[in-house]
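The structure appears right after this line, and notes come after that.
The values are calculated or read from the model by the stated rules, or taken from the named source; none is laboratory data. It should be emphasised that the depicted structure is a prediction, and the values quoted were computed from it without experimental measurement. No Cβ is skipped: glycine too gets one built from the backbone with ideal geometry, and neighbour counts run over all protein chains shown. Note: areas computed on protein heavy atoms with side chains; ligands, DNA, RNA excluded. Shrake-Rupley method; radii C 1.70, N 1.55, O 1.52, S 1.80 Å.
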Amino acid sequence: MPELQLLRPDHASAILSFETANRSYFAGFVSDRGDDYFEHFADRLRDLLTDQDAGAGAFYVLVADDGSVLGRFNLEFTGNGVAELGYRVAERAAGRGVATATVLELCRVAACEHGIRVIRAAAADANVASQKVLRKAGFAEVGPADPASIGGKQGSWYQRDTAAE
């Protein structure tokens, strides 16, 4: 059974494998991270861990029984009990409810462990799968998103109150 784990340094190789194996798949939904991301992956991971240690966010990986990464789920804390959610799920796990179940679990974790009251997520208009995940996880569309929030694409913000968690 996959397990949601807080990002740790020892996840590095599994995350890089996940990102590399799914790069073209992800590029179909969101802007490609670019070669620089992969060339400087260790620096980016170190930055995330530093931000996490400083309390700026909480970064999670969904780890399969074999130790591979099935997804990444990030909470960036924006202040006043609000966090922005970003996530991506491996192609091999897509369409099986993995993203929805994990987003629901992360909402509970955000409320209980991080004191988050409101979670926001931006989804591109063309990313119908992500919109479905957010709606199934109890998010409501609340307005247009700046394209800069979604890799230059048109889209909307979705929001969920975690008070009931």
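Where does the Debye-calculated log10 I(q)/I(0) of segment 122-165 sit at q = 0.17, 0.30 Å⁻¹, using only Cα point scatterers of equal weight, no solvent? Treating every Cα as an identical point scatterer, log10 I(q)/I(0) equals -0.44, -1.03. Each peptide in 109-115, 68-74 receives the mean, over its residues, of other Cβ atoms within 10 Å, and ordering these scores from highest gives 68-74, 109-115.
Starting from the Cα coordinates of segment 73-121, work out the convex hull volume and express it per residue in Å³.
On the way: hull volume 3.0 nm³, N = 49.
Here the figure is 62 Å³ per residue.
Normalised by the number of residues in segment 1-142, the average gap of Cα pairs under 8 Å and 6 or more apart makes the relative contact order 22 percent. In whole angstrom, how long is each semi-axis of the equivalent ellipsoid of segment 1-120, when you take the square root of 5 times every eigenvalue of its Cα gyration tensor and sort them from largest down? Listed largest to smallest, the semi-axes of segment 1-120 are 22, 18, 14 Å. Residue ranges 80-89, 13-22 sort as 80-89, 13-22 when ordered by packing (mean number of other C-beta atoms within 10 Å per residue, highest first). For segment 47-121, the antiparallel share of DSSP beta bridges with both residues in that region comes to about 85%.
Average accessible surface for the chain: 51 Å² per residue, computed with a 1.4 Å probe over protein heavy atoms with every protein chain in place. Rolling a 1.4 Å probe over the protein heavy atoms of the chain, with every protein chain left in place, gives an accessible area that is 49 percent carbon and sulfur. Once both labels are positioned 7 Å from their Cα atoms along Cα-to-Cβ, the gap between residue 154 and residue 3 label points is 4.5 nm. Antiparallel beta bridges, as assigned by DSSP with both residues in the chain, represent about 90 percent of the total such bridges.
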